[in-house]
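Have a look at the structure below before the remarks.
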Amino acid sequence: MAPRRTTTKPPKNVPPAPAVCSPCDGSGMVAATVRVGRKRRPVGQQDGICPNCLGSGTAPDA
């Protein structure tokens, strides 16, 4: 009887991890300045959706 041959399975094609969006650092939220009054003076900040990744946290394909 001939010796049994064994082979290794080829590695599965695992897609690379998506790149993190730089303006929001992957959180999907950025600080937006709140302005009030006729002179539009800034009074504070609030969280807003990231305009670059639209809240997904991953860099857009560009």
Inter-probe distance in nm under a simple model that places probes 7 Å from Cα toward Cβ, at Thr6 and Asp25: 4.8
Express the Stokes-Einstein translational diffusion coefficient of the chain in µm² s⁻¹, to the nearest whole number, given a Kirkwood radius over alpha-carbon pairs, 25 °C and a viscosity of 0.890 mPa s. 157
Here region 16-33 yields Karplus 3J(HN,Hα) values (6.51, -1.76, 1.60; θ = phi - 60°; whole Hz; Gly and Pro given as x) of x, 5, x, 6, 7, 5, 6, x, 10, 6, x, 7, x, 10, 10, 7, 10, 6
Taking only protein heavy atoms into account and a 1.4 Å probe, give the accessible area per residue of the chain in Å². 95
Can you list the residues, at least 5 places off or on another chain, whose amide H is less than 5 Å from the amide H of Thr58, using H built in the peptide plane? Cys21
Top to bottom by accessible area (1.4 Å), largest first, where do Asp25, Asp61 land? Asp61, Asp25
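The values are calculated or read from the model by the stated rules, or taken from the named source; none is laboratory data. Keep in mind that what you see is a predicted model, and the values were worked out from it rather than measured. Because the Cβ atoms are built from the backbone with ideal geometry, glycine has one as well, and the counts that use them run over all protein chains shown. What goes into the accessible areas is simple: the full protein's heavy atoms, side chains included, and nothing from ligands, DNA or RNA. Shrake-Rupley method; radii C 1.70, N 1.55, O 1.52, S 1.80 Å.
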